[in-house]
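Okay, so here's the structure we're looking at.
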Amino acid sequence: MSGRSIHDVLDDGALRLADRVIAWRRHLHRHPELSNREEKTAAFVAEHLRALGLDEVRTGIAGHGVVGVLRGGRPGSRTIALRADIDALPVPDRCGADFASEAVDTTYPGGPFPVSHACGHDCHTAMLMGAATVLAEARAELPGTVLFVFQPAEEGPPVTEEGGARAMVAEGAFAEPVPTMVFGMHVTPYPKGHVGYLSGNQYAASLLVRITVTGRQVHGSTPWQGIDPMPAAGAILTGIGQLYRQVSAFDPVTVTIGHIEDVGRFNIIGETVTLWGTVRCADESGMAEVRRRLATLAGHTAAAYQATARVDYLQPVPPVRNGAAWVAAGLPTFRRVVGAERVVETVPSLGYDDVSEFIDRFGGLYVTLGVQDAALDERGLPVPLAGGRGLVTNHHPGFYADDDTLVTGVRLHAHVAYDHLTGALAPDRAEAR
Ligand SMILES: [Zn+2]
Ligand SMILES: [Zn+2]
């Protein structure tokens, strides 16, 4: 490879791999698996990593997590962890592609559910398999270690189970070697091939909330002889709209009830109504106050109807925060990969990504990668491209991602990894500039 930069070599490798990466992505898209059930997905990934001859392929971490370890051929003290999430969602697939999923999980708690990669984790998984391939080919040139982290249950496991990023840390996935940087990315409804970054909190802190309103079962014709939890649940739902007036309008917060579970019948007043929702705070410091106020609202509202309410907060996820020094260190790499004009500062989001568990501990960066038929308006916000498939948000049944952008994702992973191992992409380096 004399005369050519390692970056050119990585790019050539990614381009040569394009058809295979697309094929992997389509296979994964056709065979999605829900959080903590990613058995076949993990086996597919592990088989590929073993075929690459990595130094180690660790499997069965926090359920179906897989970590591939690639030790470079040159001396170096850094370790980069490249992370892809691998789970799918209980959402029907209306992406319109001929590789759309028809999968149904009949045994998942609360199901049966249609299953699809409505968050694009099929793309993340295929891109990281691609990056593992090109970096393994270039291993002789790598001054340090690369961890390929395929993480299950990013979307949250069933509430009776552990899982996700926090569980991977707890099971020692990063005990040896300890990463000096973690890199995560997510596909989004932005113009194809655009890298979005934000210094500070890019994604929100998140909590799953479960409110169980309990009354006393009775026949629908004699409600006074029991306690109906349904109107109490309705009043709690309506009251949540007032929580926004109790926290500063300058601190973005959302409290959403997305699912209500009732055990009654049209003429039976059931014992309980359960409200399932999510709490998001752009800044984690606001979470304690929102928790307290929501618990007060639920308890006192239920009491007004002679019912009781129990509020449980589950699955806490810290915000995704990019340190300014890390961003400054990463920008030259992003600009080399996609061109300076396609590296854009994005607005913060109240979405979450539990890769924050890794980045918080070890340092690193998180970016978004645009994969849809979009353009940017004069404010820098995405708008649909004329004649395109429109803008469809993650988790929507119609969410889609462009196949041709996968190679960009492979290149991004590979360049970030190499640049970190050489020390070109490190926060101390940026401060020195
Ligand atoms: Zn998602
Ligand atoms: Zn996602």
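Every number in this text was worked out from the coordinates using simple rules, so none of it is lab data. Keep in mind it's a predicted model, so treat the numbers as computed, not measured. Ideal geometry is used to build each Cβ from the backbone, glycine not excepted, and the neighbour counts take in all protein chains shown.
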Regarding PRO179, is this residue in contact (Cβ under 8 Å) with a residue 60 or more places away in the chain, over 29 Å from GLY277 (Cβ atoms) and buried (at least 22 other Cβ atoms within 10 Å of the Cβ)?
-> yes
Within the stretch 141-168, the count of residues that are surrounded by fewer than 24 Cβ atoms within 10 Å (Cβ to Cβ), within 16 Å of the chain's Cα centre (by Cα) and within 27 Å of THR422 (Cβ to Cβ) comes to 0
For the stretch 286-372, which fully contained strands (runs of 3 or more DSSP E) count at least 3 residues that are β-branched (Val, Ile, Thr), farther than 30 Å from ARG210 by Cβ and more than 16 Å from ligand 1 (Cβ to nearest atom)?
-> none
Per the filter on the stretch 117-143, residues out of contact with any helix residue (DSSP H, G or I) (no Cβ under 9 Å at 6 or more places or on another chain) and within 14 Å of ligand 2 (Cβ to nearest atom) are ALA118, CYS119, GLY120
Can you give me the number of residues within the stretch 159-176 that are within 25 Å of PHE334 (Cβ to Cβ) and not aromatic (Phe, Trp, Tyr)?
-> 1
Please find, within the stretch 110-140, the residue that is surrounded by the most Cβ atoms within 10 Å (Cβ to Cβ) out of those that are within 16 Å of ligand 1 (Cβ to nearest atom) and in a loop (DSSP other than H, G, I, E, B).
-> HIS117
Could you say whether any residue in the stretch 314-331 is crowded, with 19+ Cβ neighbours inside 10 Å, in contact (Cβ under 8 Å) with a residue 60 or more places away in the chain and on the phi > 0 side of the Ramachandran plot?
-> yes
Keeping to the stretch 72-109, report how many residues are within 22 Å of ARG411 (Cα to Cα) and either free of Cβ contacts under 8 Å to residues at least 40 places away in the same chain or more than 16 Å from ligand 1 (Cβ to nearest atom) (or both).
-> 9
Just need a number here: residues in the stretch 45-60 that are in contact with a helix residue (DSSP H, G or I) (Cβ under 7 Å, 6 or more places away or on another chain) and not in a loop (DSSP other than H, G, I, E, B).
-> 5
Answer from GLY13, GLY63 - the residue that is outside any helix (DSSP H, G or I), small (Gly, Ala, Ser) and in contact (Cβ under 8 Å) with a residue 60 or more places away in the chain | GLY63
Output for the stretch 388-407, where each listed residue is in a loop (DSSP other than H, G, I, E, B) and of a type in the set (A, V, I, L, M) = LEU391, VAL392, ALA401
